[in-house]
1. For a distance above 22 Å, tell me the whole-number percent of Cα pairs in region 53-133 that qualify.
2. What Kirkwood hydrodynamic radius do you get for the chain when you take the inverse of the mean 1/r over all pairs of distinct Cα atoms, in Å?
3. Can you tell me the length gained on complete extension of the stretch residue 26 to residue 64, counting 0.36 nm per residue apart and subtracting the Cα distance?
4. Below 10 angstrom from the Cβ of residue 135, what's the summed charge of the other residues (Lys, Arg +1; Asp, Glu -1)?
5. Between residue 105 and residue 45, take the C-beta separation as r, use R0 = 35 Å, and let me know the FRET efficiency to the nearest 0.05.
6. Viscosity 0.890 mPa s, temperature 25 °C: Stokes-Einstein D of region 1-59 from its Kirkwood Cα radius, in µm² per second?
7. In percent, what relative contact order does region 1-138 have, based on Cα pairs under 8 Å that are 6 or more apart in sequence?
8. Net charge near residue 87: determine it from the other residues with C-beta under 9 Å of the C-beta of residue 87, scoring Lys and Arg +1 and Asp and Glu -1.
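Only the coordinates and a few stated rules stand behind these numbers; no lab work does. Everything quoted here is computed from the prediction, not taken from an experiment. Here the Cβ positions follow ideal geometry from the backbone for every residue, glycine too, while neighbour counts run over all protein chains shown.
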Amino acid sequence: LNGEFDKGTSNWTFTSYSAGAAGTMSIDSNSVLSGEKSCLADISAISGTDWHLQLWQWLPVKANLKYKITYRAKASAAKNIVLCIQQGTSPYTVYYNHAHALTTTEQTFTDSFTMNASDQAKLEFFLGTPGAVKIWIDSVSIIETNTAVPTSIDNVKTGAGLFNIFPNPAGAVTTLQYTLPVVASVKIT
């Protein structure tokens, strides 16, 4: 939610978990990576532990689904940050984490992983090491897809397809994906 940061800090939290780690989160409309605004994390003190400074939001995840997370970022000097998907409560199981090396040039990062559990997890950027610098993050997007063998209804002649129905059988809320060979109105019954 609010991956472009164009709605300010809505849905995002900046947290320090150590007295030795300090920084602030603000919205920058001058050094924009995408859209109208970008998130600026100004790291002023580090503790030596990357997770002591976090930019995060809640992310409900489902077992056996594949997640693709893309974001843009840069820093005022070389800086490593970690993208992490972690359980929101004790024992704080880490489902996925990957370090990314930021430079002063904007880069796009993409991570993919398959969840092994359903949870109300946290999407986190660990910003605590090394170095006190400014970090810009923007254009955070998450795509969720089914990794199981797709349930398909294909029309070979037209190229239309219905697939990745979740849950299957359908429940009160059901997600599905479809393809069309051309832009068209769709009615699903």
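1. 26
2. Result for the chain, one decimal place: 18.3 Å.
3. Working: separation 38, 0.36 × 38 = 13.68 nm, distance 3.53 nm.
Taking residue 26 through residue 64 to full extension adds about 10.1 nm, to one decimal.
4. Values: positive: 74, 79, 134; negative: 42.
My count for the surroundings of residue 135 gives +2.
5. Using R0 = 35 Å, I get an efficiency of 0.85.
6. Roughly 202 µm²/s, to the nearest whole number.
7. Numbers: 369 pairs, mean separation 45.1, N = 138.
Computed value for region 1-138: 33 percent relative contact order.
8. Around residue 87, the charge tally is 0.
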